[in-house]
1. Can you confirm whether T11 is more than 15 Å from the chain's Cα centre (by Cα), assigned to a helix (DSSP H, G or I) and under 26 Å from D109 (Cβ atoms)?
2. If you check L173 against the conditions, is it of a type outside the set (V, I, T) and loosely packed, with under 14 Cβ neighbours inside 10 Å?
3. Can you tell me which residue is nearest to the chain's Cα centre (by Cα) among those in region 15-72 that are of a type in the set (A, V, I, L, M) and assigned to a loop (DSSP other than H, G, I, E, B)?
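Every read-out reported here was derived from the displayed coordinates using simple, explicitly stated rules and does not represent laboratory data. All values reported here derive from a predicted model rather than from experimental measurement. Don't worry about glycine lacking a Cβ; one is built from the backbone with ideal geometry, like all the others, and counts go over all protein chains shown.
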Amino acid sequence: MSLHAPPGVGTVYRAVLATLAEHGPRRPPIAEIARRAATSRQYLYRNWPDSQLLIQKACESELARLLDVAGCTGGTLPQPCRLPAQIVHAARLLREHPVTRATARTSPDLLLAALTRPTTTLHTRALHWLQAGLYLWRPGPDDAALARTLFTVTAPFALVPPPSDNLSDRQLLDTRLTTALHSCLGLDPAAMPNSRRC
């Protein structure tokens, strides 16, 4: 009999995400998650009795990772331009994520619900990330309303994957979102990245 250590939480979460990317978000097969994590269904049920909670935790962990990556964007940009650059990068990472693409393909109603009823823990995590970015940009004021506005403007760019991977389409989406964010933040559109002022 071969004994090996149980998989770590990160391994299980990666297995969940890979399964979601292949099968979509509605009832992904637990046996497939176990196979990808090199463990048994019993191990998963013992540690995550509710499979929906396992999926939620894996998605929350992945969102936190993507937001951390996006938060490192634009370190050389002046502060007014850094926040829009980070938000645009986060939106691109989310809309091009394999799970977002699979959801758009298999369960577009879930993406519509995410756009029209932003009340999940994933929405809350993204909103807190925006508020933290606003505080770094402009310490002091309570920017909860502005964060909600930025969230509302950004959500369609983050949750609706483009129909193709055409580079010019990707750049057009990023440019349109950048323009909208500069407007929301009261920044001069001339201060957008690739201009002489950024």
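1. Taking the combined requirement at face value, the residue does not satisfy it.
2. Values: of a type outside the set (V, I, T): yes; loosely packed, with under 14 Cβ neighbours inside 10 Å: no.
So L173 fails the test.
3. Looking only at region 15-72, we keep the residues that are of a type in the set (A, V, I, L, M), and these are 15-18, 20-21, 30-31, 33-34, 37-38, 44, 53-55, 58, 63-64, 66-67, 69-70.
In the following step, the residues that additionally are assigned to a loop (DSSP other than H, G, I, E, B) were identified as 37-38.
Values: A37: 23, A38: 26 Å.
Within region 15-72, the match that is nearest to the chain's Cα centre (by Cα) is A37.
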